[in-house]
Amino acid sequence: MTDDSEAFDANLPEDAAEALSLVAAALYDAALDPALWRPAMQLATRFTLGSASAIYEWSIEGTSRGFIHDDGRLAPAFKSLYFQHYARIDPVLVEQRAVAIDEPFSVGDMLDLQRYRRSRFFRAWSQPDGIVDVLAAPIERTASSAVLFGVVRRLADGPADEPMRQRMRVVSPHIRRAMVIGGLRAASAAHTTDLRATLDGLEAGVFLADAEGRLLHANTAGAQMLAEGAAMRSRNGRLAPPDEAAAGMLSEALAAARDGRTPSGDQGKAIAITGRDGTRFAAHLLPLGLSRQAGVESAAAAIFIHRAALSTPVAPELVARAYGLTPAERRVLSHIVEAGSVGQAAERLRLSETTVKTHLHRIFSKTGTGRQSELVKLLAGFAGPLAR
């Protein structure tokens, strides 16, 4: 555990109604100034008669934001372990889908306690930190994820009791409203659905992230990349390329996106990533300028990742459309880049070298290029995030 007892032991008045008023005021202040979330959470912990509290997100896909806000009473390494290894086997999280928003539930409400205490999750994560119970309340839910406010009880506190439940019921709606005011779900459901449908149609992995690198959304290809872990991983809800150089450049680029500046040397917008197996990937970062808009927290950047290779089925087609190439010229363009020479392209196409050269000169004329190397650069510009 961390030692922040002086701030944590903030004086609360004995009268519960007045105490609730102070907690609610602190939460709404935090909604407008994210730096105030920790002291607000400390007050919420005291009010709910627990020893630690957190707001956290769980998702079926495993691409959640992890711990969104907490009171500092759970050690960083302990929190990291939860979402890296144990969230997927937490038996309570699956059951929370049957619980109403703002309604508190404990481990004992969902599971047989004796069986739970024999589980791997309890023995590996809860027991080492002296956690005997967690009282949680869902404050936001979709078909595949949920955001919960949870309060930990340790050995000295005993299991969750009725006074704790009563206090959870009255404070949970304030936490939910503060989250809404803070804008952590800024986009409307309809816009979010439309955006996700569009992003899922891309072959490149697409990640929407805030300025701290917290993952807000991954498209279908991006989720697959996270599952494989070759080009990008998620560590406690934050995007993490596998090599340190790329991770540093990504951090710089996201900070630049937040501040509205250009990364030094313009390195942050195009990032080379070397996967764990040596595979090369190219990442392109697009600042969105939405990290703080009208007091709303949102995505600071969109990150597109694809393998560092020309996509011959698509890029030549896009060039052909842009420059008015004929079908024959389009085929020559594809093969001349793949083969590397007129002779090899002619052999693949079963044409004479003279015919291939004629088509090639017409391609040079239409595209404003004069050499094959310039054609390769032109194709590379059309081979970024590709439509399926």
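The values are calculated or read from the model by the stated rules, or taken from the named source; none is laboratory data. Only a predicted model underlies this, so the values are computations on that prediction, with no experimental measurement involved. Counting neighbours? That spans all protein chains shown, and the Cβs are built from the backbone with ideal geometry, glycine included. The accessibility values were calculated without ligands, DNA or RNA, using every heavy atom of the protein model including side chains. Shrake-Rupley method; radii C 1.70, N 1.55, O 1.52, S 1.80 Å.
Descriptive notes on the structure:
- For Leu216, the amide hydrogen comes within under 5 Å of the amide hydrogens of Leu208, Ala209, Asp210, counting only partners 5 or more places away or on other chains and with H modelled in the peptide plane.
- Kirkwood Rh and Cα Rg combined as Rg over Rh, evaluated for segment 107-167: 0.99
- Solvent-accessible surface (1.4 angstrom probe) belonging to Glu374, in square angstrom, nearest 10: 70 Å²
- Rolling a 1.4 Å probe over the protein chains gives Arg235 an accessible area of about 120 Å².
- When the alpha-carbon atoms of segment 27-79 are used, the pair Rg, Dmax equals 11.9, 33 angstrom.
- Estimated inter-spin distance, Asp129 and Ala255, nm [label 7 Å along Cα→Cβ]: 2.9 nm
- The length gained by stretching the chain between Ala98 and Glu374 to full extension, at 0.36 nm per residue less their Cα-Cα distance, is 93.4 nm.
- Extension gain, Leu288 back to Arg141 (0.36 nm per residue minus Cα-Cα distance, nm): 50.3 nm
- Cβ-derived FRET efficiency at R0 51 Å, Leu32 paired with Lys366, nearest 0.05: 0.35
- Here segment 23-155 is treated as an ellipsoid with the same Cα gyration tensor; its semi-axes, largest first and in whole Å, are 23, 17, 15.
- Ranked order, Thr354, Thr220 - accessible area, probe 1.4 Å, largest first: Thr354, Thr220
- Full extension of the segment from His85 to Ala17, taken as 0.36 nm per residue of separation minus the current Cα-Cα distance, would add 20.5 nm.
- Approximate spin-label separation Arg169-Arg238, in nm, with each point projected 7 Å along Cα-to-Cβ: 3.9 nm
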